[in-house]
Amino acid sequence: MKIFAAGFNHPSYNKQAIGSLYDSGNPVIFTKADSALLRGGRPLFLPDDLGVIDCEVSLVVRISRLGKSIPERFAHRYYDAVTVGVDFTARDLLLRLQRAGLPWEMAKGFDGAAAIGEWTSLSPAGSHRFRLDIDGTTVQQGSDSDLLHSADALIAYISRWFTLRTGDIIFTGAPAPPTAVAIDNHLTGYLNDKKVLEFNVK
């Protein structure tokens with residue numbers, strides 16, 4: 001199983017985080033190790049030596065069939081379910097890696113850095129709202145209707161370089177800048193107001 005994620009894929013995120021609309025014409029894609037996957041309500045154990053750990057909520061889609069070089073107009077046939085996911089980042093380490101021009105994987109792909117909720121059928125209305133609460137307070141929220149690059153566009157783009165297989169997942173991007181997490185935080189994710197994700201930080 002492969003885990004892909006899109007960066008800078010919401011206008012509101014870009015404007016709050018970097019002060020302008022970042023759009024290179026193509027999606028910004030990074031990957032996480034499969035050991036980063038956290039599901040089933042298991043807690044996230046904060047690494048002792050990575051400094052500040054941030055979280056970003058995202059709509060996540062699940063690939064349902066084998067595909068390579070998928071045209072965007074057919075991409076909707078290649079995923080069958082969505083959920084809410086939380087992309088964790090070792091922020092201090094990420095900044096050091098970026099300044100040195102090095103890859104992000106160490107800061108984005110550590111164990112537990114990709115939490116996902118229970119899978120849900122695609123909305124017949126075609127739009128999915130999602131949000132993240134920490135200790136009962138909403139910290140991030142968004143809709144896939146605001147994506148700069150839709151799930152279909154991401155699938156088409158990613159499949160140019162990677163063969164997509166059943167069970168691969170794609171984090172479509174965060175709608176707001178990161179929020180730091182701490183031990184004893186309780187995280188809850190909602191999809192169209194339905195709770196699909198819940199776990200603790202330890």
**Request:** Please work out which one of (1) aliphatic (A, V, I, L, M); (2) open to solvent by 10 Å² or more (accessible area, probe 1.4 Å); (3) in contact with a Cys (Cβ under 8 Å, 6 or more places away or on another chain) is the condition Leu132 fails and give its number.
**Result:** (2)
**Request:** Quickly run through segment 47-61 and pick out the residues that are touching a Leu at 6+ places or on another chain (Cβ under 6 Å) and among the β-branched types (Val, Ile, Thr).
**Result:** Ile53, Val57
**Request:** State the number of residues belonging to segment 99-129 that are of a type outside the set (D, E, K, R) and open to solvent by less than 50 Å² (accessible area, probe 1.4 Å).
**Result:** 13
**Asked** Looking at segment 187-202, which of its residues are within 14 Å of Ser143 (Cβ to Cβ) and over 15 Å from the mean Cα position of the chain (by Cα)?
**Response** Asn192, Asp193
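For the subset of segment 183-194 comprising residues that are over 17 Å from Pro43 (Cβ atoms) and part of a strand (DSSP E or B), which member is most open to solvent (accessible area, probe 1.4 Å)? Walk me through how you get there before you give the answer.
If we filter segment 183-194 for residues that are over 17 Å from Pro43 (Cβ atoms), which is where we start, we get 190-194.
Then keep just the ones that are part of a strand (DSSP E or B); that gives 190-191, 194.
Details: Tyr190: 47, Leu191: 8, Lys194: 102 Å².
Residue satisfying both the conditions and the ranking: Lys194.
Checking the structure you have, find out if any residue of segment 90-104 is in a strand (DSSP E or B) and closer than 23 Å to Leu154 by Cα.
First, the residues of segment 90-104 that are in a strand (DSSP E or B): 90.
Now narrow it down to the ones that are closer than 23 Å to Leu154 by Cα: none.
The answer is no, given that none of the residues of segment 90-104 is in a strand (DSSP E or B) and closer than 23 Å to Leu154 by Cα.
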**Prompt:** In segment 34-51, which residues are open to solvent by 20 Å² or more (accessible area, probe 1.4 Å), modelled with pLDDT of 95 or more and within 19 Å of Pro103 (Cα to Cα)?
**Reply:** Asp34, Ser35
**Message:** Take Arg96 and tell me if it is without any contact (Cβ under 8 Å) to a residue 24 or more places away in the chain and surrounded by fewer than 24 Cβ atoms within 10 Å (Cβ to Cβ).
**Reply:** yes
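The values are calculated or read from the model by the stated rules, or taken from the named source; none is laboratory data. Being a predicted model, the structure only gives us computed values, none of them experimental. Because the Cβ atoms are built from the backbone with ideal geometry, glycine has one as well, and the counts that use them run over all protein chains shown. SASA here: full protein model, heavy atoms, side chains in, ligands and nucleic acids out. Shrake-Rupley method; radii C 1.70, N 1.55, O 1.52, S 1.80 Å.
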